[in-house]
Amino acid sequence: MNCLLVAATAFEIAPFIQHYRNSDVPFYVDIQVDVAITGVGLMATTYNLQRQIQVKKPDLIIQAGIAGCFDLSVALGTVFAVKKDTVADLGVTEKSTFHSLFDMGFVKPNHPPYKGGWLVNPGLHLLKKNSLKKVAGVSVNQITTSKQAINHYTAKYKPVVESMEGAALHYVSLMENIPFMQLRGVSNYVGERNKKKWNIKDSVANLNNELIRLLNSL
């Protein structure tokens, strides 16, 4: 199996890379892991992911990264698998009300690869390879800071995590018919900009531990 591991930044998957390169135990005899650092954001991820799979089409794509969390009851450092994602801020705001492309009728909610306006991971057998909770995520071009935006996303999408790259993975993988998984370690709560209150260390450590465990189970 050829697995393509992608992340926005090298920092987010550095522990896994070190483990993969230095382990004396041949965990991955039947798995070849290629790594692509896509850069931050939906456009960079889409371009670099598409470029990579045109050179070598993988059997599986795994995206791993940190994320913000909408649920204040979730402990920082928790790792989730994202079962569906969408671009939450793609549309227009009129009279303080946001309308998505689906709301405006520019795109039909079930126009491929969408299902009800979501980019849904159909690989349930892959999602079951781990015991992580499967949640909804939203992707944004601008990190959410305002209470109004948080309330809107929470009411409209009921997401648990927010990233700037997840929907790009889902869109490209669905269009190219490549199995995929998105793993997210919670580093902060959405809207919290004081990084002293973030927990990047544990989110990265736990994320990479789950990544190692996942690849060992394939």
Look through region 73-101, keep the residues that are modelled with pLDDT of 95 or more and over 16 Å from the mean Cα position of the chain (by Cα), and return whichever of them is surrounded by the most Cβ atoms within 10 Å (Cβ to Cβ). Leu76
Please indicate, with yes or no, whether at least one residue in region 105-119 is among the charged types (D, E, K, R) and within 20 Å of the chain's Cα centre (by Cα). yes
Residue list for region 120-142, filter: exposed (fewer than 14 other Cβ atoms within 10 Å of the Cβ) and closer than 13 Å to Gly68 by Cβ: Gln142
Residue within region 176-191 that is aliphatic (A, V, I, L, M), part of a helix (DSSP H, G or I) and within 20 Å of Leu90 (Cβ to Cβ) present: no
Going by the conditions given, is Ala167 at pLDDT 95 or above, surrounded by fewer than 21 Cβ atoms within 10 Å (Cβ to Cβ) and of a type in the set (Gly, Ala, Ser)? no
Subset of region 192-215 that is within 16 Å of the chain's Cα centre (by Cα) and farther than 12 Å from Ile66 by Cβ - its residue that is surrounded by the most Cβ atoms within 10 Å (Cβ to Cβ): Leu211
Is there a residue being surrounded by 15 or more Cβ atoms within 10 Å (Cβ to Cβ) and either farther than 23 Å from Ala10 by Cα or of a type in the set (Asp, Glu) (or both) anywhere in region 179-190? no
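Show me the strands (runs of 3 or more DSSP E) entirely contained within region 50-159 in which 1 or more residues are under 14 Å from Leu183 (Cα atoms) and free of Cβ contacts under 8 Å to residues at least 60 places away in the same chain. Walk me through how you get there before you give the answer.
Details: elements: 60-69, 79-87, 91-94, 97-100, 134-139.
Strands (runs of 3 or more DSSP E) meeting the threshold: 79-87, 134-139.
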Residue hits (region 53-97; under 20 Å from Tyr114 (Cβ atoms) and of a type in the set (D, E, K, R)) are Lys83, Lys84, Asp85, Asp89
Selection from region 193-218 of residues that are touching a Gly at 6+ places or on another chain (Cβ under 8 Å) and either part of a loop (DSSP other than H, G, I, E, B) or of a type in the set (Val, Ile, Thr) (or both): Asn199, Val204
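The values are calculated or read from the model by the stated rules, or taken from the named source; none is laboratory data. Note that the coordinates shown come from a computational prediction; the quantities given were computed from them, not determined experimentally. Note: ideal-geometry Cβ built from the backbone for every residue, glycine included; neighbour counts use all protein chains shown.
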